[in-house]
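A short reminder: the numbers here are calculations on the coordinates, not readings from a lab. Quick caveat: nothing in here was measured; it's all calculated off a predicted structure. A quick note on method: Cβ atoms are made from the backbone with ideal geometry, for glycine too, and the neighbour counts reach across all protein chains shown.
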Amino acid sequence: MTAEIRSRLENFPAALAERQELNAVIADIPPLALAGLDQARRGPLEGRLMAVKDNLNLEGTPTTCASRILAGYISPYTATPVQRLLDAGASIAAKTNLDEFAMGSSTEHSCFGPTRNPHDPELVPGGSSGGSAVAVATGLVDMALGSDTGGSVRQPAAFCGVYGLKPTYGRVSRYGLVAFASSFDQVGVFATTTEDTARVFEVIAGHDPLDSTSAPEPVTTFAYDAERAGQFTVGIAPEYGEGVEPEIQDRLDSLVAFLKGAGLRVKEVSLPHTEYGIAAYYVLTAAEASSNLARFDGVRYGLRQHDRDDLEALYSDTRSAGFGPEVQRRIMLGTYVLSAGYMDKYYTRAQRVRRLIKEDFGHVFGEVDLLLTPTAPTFPFPIGGRVEDPLAMYLGDVFNVPMSLAGVPAMSIPVGSSGNGLPVGLQLSANYFQEETIFQLSRFIEQNYSV
Ligand code: GLN
């Protein structure tokens with residue numbers, strides 16, 4: 001351990017205190033500054049300070065998922081991606097705030113209170129990995145892990161002005177990530193440069209025998225190749241224009257003009273099933289969540305309420321007291337769409353839509369190397385502005401959920417700020433396992449495009 005990282009770890013509590021009002025780090029977990037201290041490991045992340053979202057297990061420390069239902073729970077093992085960070089020499093300094101069980105787009109649905117946007121504390125940082133996004137955006141840590149089921153790394157990255165990658169489904173092991181919707185969940189990366197994003201990705205990616213959905217594809221090392229990046233064909237899609245704030249659309253148009261000027265081909269493509277994405281996503285993820293969260297029953301984990309004398313009451317009292325309103329909403333929605341009379345009408349139908357959306361991407365990536373879209377249609381919104389209106393909250397995910405339904409990789413890249421100083425993020429996506437293609441164009445833009 002270098003003197004520099006030792007001193008950063010020692011100063012971590014003070015650095016955290018300076019950013020206290022942003023509430024990025026789970027309050028009742030002491031900074032895990034010591035997690036790296038006894039490690040003499042050398043590797044690509046040596047000397048880097050990191051944070052991980054608090055739905056990833058780290059042995060011997062609490063994992064809360066920002067839920068009362070996990071009160072008192074201590075992780076008995078370490079998640080594969082977290083272990084790989086430690087093995088690569090990283091020091092893990094904190095676990096970060098999130099929407100309860102990663103359900104949300106604002107980091108307001110947390111039993112520890114909302115995380116705030118560092119660019120304006122009255123605004124949300126995005127979610128559900130808002131704590132990780134803020135920890136990186138404020139320089140509290142160098143990079144962080146989040147999880148992205150339908151935008152939870154990309155959208156907070158855009159709202160906070162950092163890079164945020166959702167890898168291909170299956171690229172990163174889900175072992176030790178608390179499941180929300182297992183056929184969507186992916187661990188993702190926050191960083192302040194393309195290079196750092198790629199380095200962390202390369203450490204955590206790759207096959208893991210402990211996750212049966214983890215992919216065997218080899219992980220290539222990113223080495224910037226300006227000539228190759230300059231020859232990409234980039235797709236833009238009219239379906240990703242609806243309801244987009246003018247200043248965000250302007251930035252997209254300006255980037256397109258820059259890319260054309262730099263000699264890249266830009267081609268209009270079509271993803272005709274985009275408009276059904278939100279409905280399909282919320283049906284399928286709620287269904288999977290209702291099943292995954294059945295294990296929190298008051299018997300096996302954390303909280304237990306047993307004031308009444310029967311088992312049924314133990315379940316319902318524990319779950320009513322332990323889960324917040326958004327999680328309860330998803331469990332009820334998921335139970336409903338899976339119920340005998342409605343399964344075909346909702347769940348099976350949504351699965352068909354998922355297939356069509358996947359085919360949309362298949363066609364697009366037959367024509368272009370990458371797709372360029374806004375990450376979110378709007379700027380960060382006020383804290384409290386959407387919590388009472390779940391539908392408005394869900395609709396904000398419109399440009400993120402299609403890639404999650406398809407399972408393709410996508411990354412939000414920062415492209416400057418609006419007139420009033422709020423960050424703008426744009427999203428690059430590519431075909432399965434083409435994260436490296438995304439890094440090439442991201443680096444090309446980072447190096448050459450000035451706002
Ligand atoms: N905002 C989306 C949701 O609430 C995505 C969450 C996520 O990616 N974890 O489901």
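Maximal additional length on extending the GLU247-LYS260 stretch stands at 2.7 nm, based on 0.36 nm per residue less the C-alpha distance. Dipole orientation for the chain: of the candidates THR193, VAL178, VAL234, VAL178 has the Cα lying most toward the positive pole (charges on Cβ; Lys, Arg +1; Asp, Glu -1). Among the listed pairs LYS166/LYS358; LYS166/LYS267; LYS95/LYS358; LYS267/LYS358, those whose Cα-Cα separation exceeds 27 Å are LYS95/LYS358.
Under the combined filter of DSSP loop state and at most 16 neighbouring Cβ atoms within 10 Å, the stretch 72-140 retains these GluC sites (Glu not before Pro): GLU122. Between amide H atoms placed 1.01 Å from N, distances below 5 Å from ARG171 occur with ALA215, all of them 5 or more places distant or on a separate chain. For the chain, the square roots of the Cα gyration tensor eigenvalues, ordered a ≥ b ≥ c, give a/c of at least 1.5 with a/b no greater than b/c, which places it in the oblate category. Checking every one of the GluC sites (Glu not before Pro) in the stretch 341-400 against DSSP loop status and a limit of 15 other Cβ atoms within 10 Å picks out GLU388.
Phi angles of the stretch 163-173 translate, via the Karplus equation with coefficients 6.51, -1.76, 1.60 and θ = phi - 60°, into HN-Hα couplings of 7, x, 10, 9, x, 3, 4, x, 5, 10, 4 Hz per residue; Gly and Pro are given as x.
In summary, no aspartates and glutamates lie within cross-link reach of LYS345, defined as a Cα separation below 15 angstrom excluding same-chain residues under 8 places away.
Between the stretch 236-260 and the stretch 263-298, the alpha-carbon centres lie 22 Å apart. Annotation: amide H of ALA94 within the under-5 Å range of LEU32, VAL52, sequence separation 5 or more or interchain, hydrogens built in the peptide plane. Using the Karplus relation 6.51 cos²θ - 1.76 cosθ + 1.60 with θ = phi - 60°, the per-residue 3J(HN,Hα) values for the stretch 416-433 come to x, 10, 6, x, 9, x, 9, x, 10, x, 10, 10, 10, 10, 8, 5, 3, 6 Hz, with x marking Gly and Pro. In terms of its C-alpha gyration tensor, the stretch 322-375 comes out oblate, because a/c is 1.5 or above while a/b does not outweigh b/c.
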